[in-house]
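The values are calculated or read from the model by the stated rules, or taken from the named source; none is laboratory data. Everything numeric here is computed off the predicted structure, so don't read it as measured data. Please note: Cβ atoms are built from the backbone with ideal geometry, for glycine as well, and neighbour counts cover all protein chains shown.
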Amino acid sequence: MTASGHSRRQTSSPSKSENVATEAKFGPRKGFDWNRLTWGRPDSVPSVLCSYCSAVIPEDDVPLIVSNAKGWTVRFCRKCMKEQWGFAE
Ligand SMILES: [Zn+2]
């Protein structure tokens, strides 16, 4: 018997906390509230708003886009990338 559909991938990245119960390959910082996100349907036009703080993401900015197993996506503005995900500018 094999479990279908879902394979647990083992990554070799030295991440400190793997407690994020999502499909994201990497996790946001502590205190990040997944319930606050506005997920975009797979068949809808991507929003120009940050899914976390609802700030408008400038057209020439490259947002961080995270999708879940069902293909729903969220995107993060620069500020949230930095504050919630720890990205350096
Ligand atoms: Zn934001």
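Could you say whether any residue in region 67-74 is surrounded by 11 or more Cβ atoms within 10 Å (Cβ to Cβ) and within 9 Å of the ligand (Cβ to nearest atom)?
no
Just give me the residues in region 48-60 being assigned to a loop (DSSP other than H, G, I, E, B) and among the hydrophobic types (A, V, I, L, M, F, W, C), in sequence order.
Filtering region 48-60 down to residues assigned to a loop (DSSP other than H, G, I, E, B) leaves 48, 50-55, 57-60.
Val48, Cys50, Cys53, Ala55, Ile57, listed by residue number.
Is region 49-64 home to any residue that is at pLDDT 55 or above and more than 17 Å from Arg78 (Cα to Cα)?
So in region 49-64, the residues at pLDDT 55 or above come out as 49-64.
From what's left, more than 17 Å from Arg78 (Cα to Cα): none.
Taking every residue of region 49-64 in turn, none turns out to be at pLDDT 55 or above and more than 17 Å from Arg78 (Cα to Cα).
Okay, residues lined up against (1) part of a loop (DSSP other than H, G, I, E, B); (2) in contact (Cβ under 8 Å) with a residue 12 or more places away in the chain:
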site: Phe32; (1), (2): yes, yes
site: Asn35; (1), (2): no, no
site: Pro42; (1), (2): yes, yes
site: Pro46; (1), (2): yes, yes
site: Val62; (1), (2): yes, no
site: Val66; (1), (2): no, yes
site: Lys70; (1), (2): yes, yes
site: Gln84; (1), (2): no, yes
site: Ala88; (1), (2): yes, no
